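Reading through the C-alpha coordinates given below for one structure.
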Amino acid sequence: MAIEQTLILIKPDGAARRLTGLTIDRLDSTGLEMVAAKMVSVSEKLAREHYKALSDKPFFEGLIKYIRGEFHGIKDHRILALVYRGENAIKAVRAIAGATNPEQAAAGTIRGSFGRITTAGQFENVIHASSDPADAAREVALWFKKEEILP
Ligand code: IDP
Ligand code: MG
(Lines give C-alpha, C1' and ligand atoms only; values in the text may rest on other atoms or scores of the structure.)
(Ligands and ions follow the chains in the order given, each with its own letter.)
Protein backbone atom coordinates (compact mmCIF):
# COMPACT_ATOMS: atom_id res chain seq x y z
CA MET A 1 0.00 0.00 0.00
CA ALA A 2 1.18 3.48 -0.82
CA ILE A 3 1.82 6.21 1.74
CA GLU A 4 -0.04 9.23 0.37
CA GLN A 5 -0.69 12.83 1.30
CA THR A 6 -4.04 14.48 0.68
CA LEU A 7 -5.32 18.03 0.94
CA ILE A 8 -8.41 18.79 2.99
CA LEU A 9 -10.18 22.14 3.18
CA ILE A 10 -12.95 22.86 5.67
CA LYS A 11 -15.21 24.79 3.33
CA PRO A 12 -16.97 28.00 4.47
CA ASP A 13 -20.28 26.22 5.21
CA GLY A 14 -18.40 23.77 7.41
CA ALA A 15 -16.71 26.59 9.30
CA ALA A 16 -19.90 28.67 9.57
CA ARG A 17 -21.84 25.69 10.93
CA ARG A 18 -19.05 24.90 13.42
CA LEU A 19 -18.20 21.55 11.89
CA THR A 20 -14.42 22.00 12.04
CA GLY A 21 -13.96 19.93 15.19
CA LEU A 22 -16.27 17.17 14.01
CA THR A 23 -14.44 17.00 10.69
CA ILE A 24 -11.03 16.75 12.34
CA ASP A 25 -12.42 14.07 14.65
CA ARG A 26 -13.59 12.04 11.63
CA LEU A 27 -10.24 12.55 9.91
CA ASP A 28 -8.36 11.41 13.02
CA SER A 29 -10.62 8.33 13.24
CA THR A 30 -9.13 7.10 9.96
CA GLY A 31 -5.79 6.60 11.72
CA LEU A 32 -4.11 8.96 9.28
CA GLU A 33 -1.72 11.60 10.56
CA MET A 34 -2.22 15.36 10.35
CA VAL A 35 1.07 16.72 8.99
CA ALA A 36 0.13 20.32 8.12
CA ALA A 37 -2.53 22.83 9.12
CA LYS A 38 -3.07 26.56 8.58
CA MET A 39 -5.69 29.23 8.10
CA VAL A 40 -5.52 30.69 4.59
CA SER A 41 -7.19 33.82 3.24
CA VAL A 42 -8.29 32.46 -0.14
CA SER A 43 -7.47 34.91 -2.93
CA GLU A 44 -9.43 34.95 -6.15
CA LYS A 45 -6.28 33.66 -7.86
CA LEU A 46 -5.84 30.72 -5.45
CA ALA A 47 -9.53 29.76 -5.73
CA ARG A 48 -9.41 29.79 -9.54
CA GLU A 49 -6.15 27.84 -9.61
CA HIS A 50 -7.46 25.25 -7.15
CA TYR A 51 -10.60 24.63 -9.20
CA LYS A 52 -9.13 25.29 -12.67
CA ALA A 53 -10.22 21.88 -14.03
CA LEU A 54 -13.83 23.00 -13.52
CA SER A 55 -13.53 26.44 -15.13
CA ASP A 56 -15.91 25.57 -17.98
CA LYS A 57 -18.68 24.30 -15.68
CA PRO A 58 -21.86 26.35 -15.27
CA PHE A 59 -21.41 26.34 -11.48
CA PHE A 60 -17.80 27.59 -11.60
CA GLU A 61 -18.35 31.28 -10.72
CA GLY A 62 -20.63 30.26 -7.84
CA LEU A 63 -18.01 27.76 -6.68
CA ILE A 64 -15.35 30.50 -6.55
CA LYS A 65 -17.66 32.69 -4.47
CA TYR A 66 -18.51 29.74 -2.22
CA ILE A 67 -14.91 28.69 -1.51
CA ARG A 68 -14.02 32.35 -0.76
CA GLY A 69 -16.74 32.52 1.89
CA GLU A 70 -18.94 34.99 0.06
CA PHE A 71 -22.12 33.03 0.82
CA HIS A 72 -21.25 32.68 4.50
CA GLY A 73 -20.15 36.17 5.48
CA ILE A 74 -16.47 35.24 5.80
CA LYS A 75 -15.13 38.65 4.88
CA ASP A 76 -11.43 37.81 5.12
CA HIS A 77 -11.99 34.64 3.01
CA ARG A 78 -10.39 32.44 5.67
CA ILE A 79 -10.40 28.69 5.36
CA LEU A 80 -8.67 25.88 7.29
CA ALA A 81 -6.35 23.86 5.07
CA LEU A 82 -4.96 20.52 6.26
CA VAL A 83 -2.70 17.79 4.94
CA TYR A 84 -3.19 14.22 6.16
CA ARG A 85 -0.74 11.45 5.44
CA GLY A 86 -0.90 7.67 5.60
CA GLU A 87 -1.70 4.47 3.75
CA ASN A 88 -4.19 5.13 0.97
CA ALA A 89 -4.90 8.52 2.53
CA ILE A 90 -6.64 9.89 -0.57
CA LYS A 91 -9.27 7.14 -0.74
CA ALA A 92 -9.63 6.93 3.03
CA VAL A 93 -10.48 10.64 3.29
CA ARG A 94 -12.79 10.55 0.26
CA ALA A 95 -14.65 7.67 1.92
CA ILE A 96 -15.43 9.63 5.10
CA ALA A 97 -16.18 12.77 3.04
CA GLY A 98 -18.83 11.10 0.87
CA ALA A 99 -20.01 11.81 -2.66
CA THR A 100 -19.73 15.27 -4.23
CA ASN A 101 -23.50 15.71 -4.43
CA PRO A 102 -24.59 15.89 -0.78
CA GLU A 103 -28.00 14.44 -1.64
CA GLN A 104 -26.28 11.35 -3.04
CA ALA A 105 -23.65 11.07 -0.33
CA ALA A 106 -24.06 8.02 1.90
CA ALA A 107 -25.66 8.48 5.30
CA GLY A 108 -22.99 8.83 7.94
CA THR A 109 -20.43 10.49 5.67
CA ILE A 110 -19.59 14.14 6.37
CA ARG A 111 -21.29 15.33 3.20
CA GLY A 112 -24.21 12.92 3.62
CA SER A 113 -24.78 14.11 7.18
CA PHE A 114 -24.17 17.83 6.87
CA GLY A 115 -24.11 18.83 3.19
CA ARG A 116 -26.96 20.52 1.37
CA ILE A 117 -27.87 21.97 -2.01
CA THR A 118 -29.04 25.57 -1.81
CA THR A 119 -32.15 26.77 -3.60
CA ALA A 120 -29.75 28.48 -6.05
CA GLY A 121 -28.27 25.05 -6.86
CA GLN A 122 -24.97 25.53 -5.09
CA PHE A 123 -23.57 22.34 -3.53
CA GLU A 124 -22.52 23.11 0.03
CA ASN A 125 -20.63 19.95 0.93
CA VAL A 126 -18.57 20.94 3.97
CA ILE A 127 -15.13 19.71 2.93
CA HIS A 128 -12.76 19.46 0.03
CA ALA A 129 -10.64 16.32 -0.26
CA SER A 130 -8.18 15.57 -3.06
CA SER A 131 -9.54 13.01 -5.50
CA ASP A 132 -6.48 11.17 -6.85
CA PRO A 133 -2.67 11.15 -6.50
CA ALA A 134 -2.06 13.70 -9.27
CA ASP A 135 -4.64 16.12 -7.84
CA ALA A 136 -3.34 15.58 -4.32
CA ALA A 137 0.25 16.39 -5.29
CA ARG A 138 -0.84 19.50 -7.19
CA GLU A 139 -3.16 20.70 -4.43
CA VAL A 140 -0.76 20.11 -1.52
CA ALA A 141 1.92 22.09 -3.40
CA LEU A 142 -0.59 24.84 -4.25
CA TRP A 143 -1.72 25.39 -0.63
CA PHE A 144 1.45 24.61 1.35
CA LYS A 145 5.14 25.41 1.16
CA LYS A 146 7.39 22.39 1.63
CA GLU A 147 8.63 23.63 5.01
CA GLU A 148 5.04 23.90 6.35
CA ILE A 149 4.56 20.14 6.06
CA LEU A 150 6.10 17.83 8.67
CA PRO A 151 8.67 15.49 7.14
P1 IDP B 1 -15.26 16.84 -5.29
O2 IDP B 1 -15.21 18.05 -4.37
O3 IDP B 1 -16.10 15.74 -4.70
O4 IDP B 1 -13.88 16.38 -5.72
P5 IDP B 1 -15.54 18.05 -7.93
O6 IDP B 1 -16.24 17.43 -9.09
O7 IDP B 1 -14.05 18.14 -7.96
O8 IDP B 1 -16.04 17.28 -6.60
O9 IDP B 1 -16.16 19.49 -7.73
C10 IDP B 1 -15.58 20.42 -6.86
C11 IDP B 1 -16.66 21.13 -6.11
O12 IDP B 1 -17.51 21.84 -7.02
C13 IDP B 1 -17.63 20.24 -5.34
O14 IDP B 1 -17.12 19.79 -4.10
C15 IDP B 1 -18.81 21.16 -5.18
O16 IDP B 1 -18.56 22.14 -4.16
C17 IDP B 1 -18.83 21.86 -6.54
N18 IDP B 1 -19.69 21.16 -7.49
C19 IDP B 1 -19.40 20.03 -8.18
N20 IDP B 1 -20.42 19.66 -8.98
C21 IDP B 1 -21.39 20.59 -8.80
C22 IDP B 1 -22.70 20.76 -9.37
O23 IDP B 1 -23.18 19.98 -10.19
N24 IDP B 1 -23.40 21.84 -8.92
C25 IDP B 1 -22.91 22.72 -8.01
N26 IDP B 1 -21.69 22.60 -7.46
C27 IDP B 1 -20.93 21.55 -7.85
MG1 MG C 1 -12.46 17.27 -6.92
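The values are calculated or read from the model by the stated rules, or taken from the named source; none is laboratory data. Since this is a predicted model, take the numbers as computed values, not measurements. Here the Cβ positions follow ideal geometry from the backbone for every residue, glycine too, while neighbour counts run over all protein chains shown.
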Among the residues listed as Ala105, Ala99, the single one being touching a Gly at 6+ places or on another chain (Cβ under 6 Å) and among the hydrophobic types (A, V, I, L, M, F, W, C): Ala105
Lone qualifier among Ile10, Ile117, Ile64 - being within 13 Å of ligand 1 (Cβ to nearest atom), under 29 Å from Pro151 (Cβ atoms) and surrounded by 13 or more Cβ atoms within 10 Å (Cβ to Cβ): Ile10
Residue count for the stretch 94-134, restricted to those that are within 14 Å of ligand 2 (Cβ to nearest atom), of a type outside the set (A, V, I, L, M, F, W, C), touching a residue at least 24 places away in the same chain (Cβ under 8 Å) and not in a loop (DSSP other than H, G, I, E, B): 3
Total residues in the stretch 34-61, condition more than 11 Å from ligand 1 (Cβ to nearest atom) and in contact (Cβ under 8 Å) with a residue 60 or more places away in the chain: 6
Unmet criterion (only one of (1) crowded, with 17+ Cβ neighbours inside 10 Å; (2) more than 9 Å from ligand 1 (Cβ to nearest atom); (3) within 15 Å of the chain's Cα centre (by Cα)) for Gly86: (3)
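From the residues in the stretch 37-55 that are within 14 Å of ligand 2 (Cβ to nearest atom) and under 16 Å from the mean Cα position of the chain (by Cα), which one is surrounded by the most Cβ atoms within 10 Å (Cβ to Cβ)?
Here the residue is His50.
Yes or no, residue by residue, for (1) under 15 Å from the mean Cα position of the chain (by Cα); (2) within 26 Å of Ala92 (Cα to Cα); (3) modelled with pLDDT under 95:
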position: Ala16; (1), (2), (3): yes, yes, no
position: Leu22; (1), (2), (3): yes, yes, no
position: Arg26; (1), (2), (3): yes, yes, no
position: Thr30; (1), (2), (3): no, yes, no
position: Val35; (1), (2), (3): no, yes, no
position: Lys57; (1), (2), (3): no, no, no
Helices (runs of 4 or more DSSP H) enclosed by the stretch 4-73 - at least 2 residues per element that are farther than 17 Å from Gly115 by Cβ: 20-29, 44-50, 60-67
Residues of the stretch 74-93 that turn out to be acidic (Asp, Glu) and either in a helix (DSSP H, G or I) or closer than 15 Å to Gly121 by Cβ (or both), as a count: 0
Count of residues meeting criterion [in contact with a helix residue (DSSP H, G or I) (Cβ under 6 Å, 6 or more places away or on another chain) and closer than 18 Å to Glu61 by Cα] in the stretch 96-125: 3
